[in-house]
Amino acid sequence: MTAWVLTKTRLMEGVWEGMLTYEGVGSAVPDVAVTHLQQPLPNVDLQESQAEKAWVLRVPIPVEHIADGVQTFVITDATTETTLGSFSLMCGDALGYDIRAEVTLLREELDMLKRAFRRHCLETT
């Protein structure tokens with residue numbers, strides 16, 4: 001069990017940001033690893049924030065990891081190998097197809113309900 005707590009603050013201009021706070025006794029320096037498809041991401045930045053008594057984690061999302069479908073990035077405490085959090089990017093045609101298929105299915109079900117309701121109204125009058 002890790003004493004680190006990760007809270008997302010924002011995703012802006014291709015950089016995911018979060019705050020790491022330590023909930024254990026004393027102070028500690030985090031050892032954080034960020035991976036995509038089990039490969040470590042470069043240029044992960046961790047800076048101490050004196051005002052917040054926390055650490056600011058900045059994860060630049062490499063352009064080569066932006067693709068159709070769902071891309072998940074996992075943030076772990078490298079010392080204990082405990083998952084602190086994750087974030088996902090969803091985009092592209094693959095995602096659009098899923099949404100269009102769901103909308104089509106909902107329309108078909110709505111049409112079926114309308115026919116059944118009309119039939120019920122005719123039978124009860």
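The values are calculated or read from the model by the stated rules, or taken from the named source; none is laboratory data. The structure presented is a predicted model; accordingly, all values stated were derived computationally and were not measured. A quick note on method: Cβ atoms are made from the backbone with ideal geometry, for glycine too, and the neighbour counts reach across all protein chains shown. The protein model used for the area step is the full one, side chains on, heavy atoms only, and it has no ligands, DNA or RNA in it. Shrake-Rupley method; radii C 1.70, N 1.55, O 1.52, S 1.80 Å.
Quick notes
- Count - residues of the stretch 2-51 that are under 14 Å from the mean Cα position of the chain (by Cα) and touching a residue at least 60 places away in the same chain (Cβ under 8 Å): 5
- Looking only at the stretch 41-92, residues that are at positive phi and open to solvent by 80 Å² or more (accessible area, probe 1.4 Å) come to 3 in all.
- Screening residue 95 against (1) farther than 16 Å from residue 44 by Cα; (2) modelled with pLDDT of 85 or more leaves a single unmet condition, (2).
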